[in-house]
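Notes follow the structure.
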């Protein structure tokens with residue numbers, strides 16, 4: 001039988017552990033010297049540095065505040081631009097529509113007035129051309145018929161123009177402006193009584209009847225002379 005070898009205690013010792021243990025013990029044995037109090041000059045330098053840092057922070061804060069104010073002002077102006085733009089789009093669009101309608105009405109009224117003025121001048125010339133002293137016994141009936149026709153045509157023009165242009169009836173400028181936009185508006189006729197409406201209709205139709213009767217009389221006179 002083989003006998004066991006002698007016991008060796010070094011076989012059960014961890015070398016790394018012993019090395020770190022020895023190193024830690026060495027460090028623990030070294031004492032840290034106490035920190036010295038800062039000198040006056042060092043405190044002055046540190047205070048100056050802190051003051052400079054505070055001044056820099058204040059400068060940066062003021063710069064940020066100015067930047068913030070500029071951004072807010074730009075936002076305010078853009079909001080004002082958007083609001084004003086929308087407002088003017090609405091106002092100008094409505095204004096264009098109203099002025100176009102007013103321009104059309106004014107142009108139509110001006111054209112009607114120009115036509116009426118031409119008719120008035122033509123009727124005035126025909127009425128002024130009536131010369132009874134130039135009539136003879138042979139043509140007096142015919143000239144009388146022509147004269148009556150000219151007068152009745154002029155009266156028809158006058159009555160028709162009074163309905164279109166209240167200015168001819170002595171209306172105020174406000175009434176003229178309102179009636180010019182719509183000569184046959186209900187407000188123009190609503191104030192008339194039934195008798196006035198009848199007379200108005202008769203005034204528009206009886207000249208035609210007179211002209212017809214005069215023409216019939218001339219025609220009969222010519223037949224009787226034959």
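Rule-based calculations on the coordinates, nothing more; no lab input. The model shown is predicted, which means the values in this text are computed figures rather than measured ones. Glycine also receives a Cβ, built like all others from the backbone with ideal geometry; neighbour counts cover every protein chain displayed.
Scanning the range 100-129 for residues that are more than 30 Å from residue 151 (Cα to Cα) and either touching a strand residue (DSSP E or B) at 6+ places or on another chain (Cβ under 8 Å) or surrounded by 11 or more Cβ atoms within 10 Å (Cβ to Cβ) (or both) yields 101, 102, 105, 106.
Evaluate the range 104-118: report whether one residue or more is assigned to a helix (DSSP H, G or I) and more than 30 Å from residue 154 (Cβ to Cβ).
First, pick out the residues of the range 104-118 that are assigned to a helix (DSSP H, G or I): 104-118.
If we keep only those that are more than 30 Å from residue 154 (Cβ to Cβ) as well, we get 104.
Yes.
Condition first: assigned to a helix (DSSP H, G or I), touching a helix residue (DSSP H, G or I) at 6+ places or on another chain (Cβ under 8 Å), surrounded by 10 or more Cβ atoms within 10 Å (Cβ to Cβ) and touching a residue at least 12 places away in the same chain (Cβ under 8 Å). Can you find one or more residues in the range 130-140 that meet it? Among the residues of the range 130-140, not one is assigned to a helix (DSSP H, G or I), touching a helix residue (DSSP H, G or I) at 6+ places or on another chain (Cβ under 8 Å), surrounded by 10 or more Cβ atoms within 10 Å (Cβ to Cβ) and touching a residue at least 12 places away in the same chain (Cβ under 8 Å), which makes the answer no.
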